[in-house]
Amino acid sequence: MRRHTRREVRILWLTMAELGEADEAELQRLVAAEQQKAQFTAQVHHFMELCWDKCVEKPGTRLDSRTENCLSSCVDRFIDTTLAITSRFAQIVQKGGQ
């Protein structure tokens, strides 16, 4: 993710000061959503590196069946873990909102 210059940050804060409460809340929601997307993308890249390092001994033009099975299992574990964590966070958020 690109870092913003001090000038860009200053302009953003000056612009936010001119916004109404509803607009500011919407902007904060959009920023939070973009941060979540960036975090998710970073996690996927990290996960891919882990699976690659764990499963691929020597890259070639094709994957052998052992490597393919290893990558598939690694992806399955990642998906299961991500779904479990997401579900747990949703439960926490739901309880906090009640």
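Read the figures in this text as sums done on the coordinates, not as results from a lab. The structure presented is a predicted model; accordingly, all values stated were derived computationally and were not measured. Virtual Cβ from ideal backbone geometry, glycine too; neighbours counted across all protein chains shown.
Could you name the lysines whose alpha carbon sits less than 25 Å from that of Lys95, not counting residues in the same chain fewer than 8 places away?
Once the sequence-local lysines are set aside, what remains near Lys95 is Lys37.
Just to be sure I understand the model, the point goes 7 Å from the Cα along the line to the Cβ. What's the resulting Val56 to Ala38 distance in nm?
Once both label points are built, they end up 2.7 nm from each other.
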